[in-house]
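Written below as structure tokens is the structure these notes are about.
No lab work stands behind these numbers, since they all come straight from the coordinates. Fair warning: this is a prediction, and the values are worked out from it, not measured in the lab. Here the Cβ positions follow ideal geometry from the backbone for every residue, glycine too, while neighbour counts run over all protein chains shown.
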Amino acid sequence: MFDSVKSLHLSLLHMGFIQLDSRWQYDNVVSPFSRLYLITAGEGWVLHNGQKFTLKPGYLYLIPSFTYSRYHCDQFLEQYYISFFDQLQEGLSIYDLKSMAYEVKAEPIDYALMDRLLAQNPGRAITQSDPKTYDNRPEVLPFNQPKPNQSMSQFVETSGILLQLFSRFLGSENDQDQQRAKGFHQLASVLQYIDSHLHDKLTVDQLARNAHLNADYFSRLFLSIVGIRPMDYIINKRLERAQLLMMTSSMALKSVAESVGIPSIYYFSRLFKRRFGIPPGQYRETAWQM
């Protein structure tokens, strides 16, 4: 697992400090990026991964990407916030390989790191507090490049601070993590191929041949390691890529569907609604109206 984590890259999207009130109440938020909070005062809660987390001062919180989330504040909540993308060499997410803590006690240095990150990244604050609103911003796509007014040293330091804050949630490695990472390593070339060929027609037979395995054995191996069947995994990745494109570009829905390997807009709409609970056209229209 350590070799895989060495390739972990985090890219800053938004960063700021904000005071929230009872208007901060949002349901069914699904974002293509992760969020990290450091609570300084007040109280609220978030729900994700089937668990409710009470937001308390002096604690750091992590909300993973592509998870259904709910956000709630009754009266007052004050926090540093970061939104970011994560990427590993094989096109995986760190959440694929490692069980995470989602609530950890903040260290004194974490406050200094947040202040430093703010100083190094002016103009990254969110202008709207609704997660569904700021999920749709034009700077999402070039997230892995320095801002025009940012020096290379600031860009590198920002990456280092993000990694340092994110490391708080990794915790110790257990046997289950080791086995999972070992399994994903077995499929690394296949997963990387899928990630870079989502726009192409992909079949289990083709992937099995690339892995030099029998198709039936490959399917069983994939299910045992990843937890879902190969074609379900491909569909999930296509829909996640489509969501990112819909939120960060003006591409027609038909073009979005085709670019992720789903040539039928009707089939794409059905898959999208089943995954995210709302048709793609309504999803985009709602996001752009906020």
| field | Helix-only CD estimate at 222 nm, as mean residue ellipticity for the chain, using -39500 (n - 2.57) per DSSP H run (n ≥ 4) | value | -13000 deg cm²/dmol
| Cα-projected label distance for His185 with Asp232, points at 7 Å along beta-carbon direction, nm | 2.6
| query | How would you rank 9-21, 112-124, highest first, on the average number of other Cβ atoms within 10 Å across their residues? | reply | 9-21, 112-124
| request: Starting from the Cα gyration tensor of region 164-261, take the square roots of the eigenvalues, sort them a ≥ b ≥ c, and report rounded, prolate or oblate (rounded when a/c is under 1.5, otherwise prolate if a/b is larger than b/c, else oblate). | output: oblate
| Of Ser249, Ser269, Ser153, which is the most mobile in a GNM of the chain whose springs link Cα atoms less than 10 angstrom apart? | Ser153
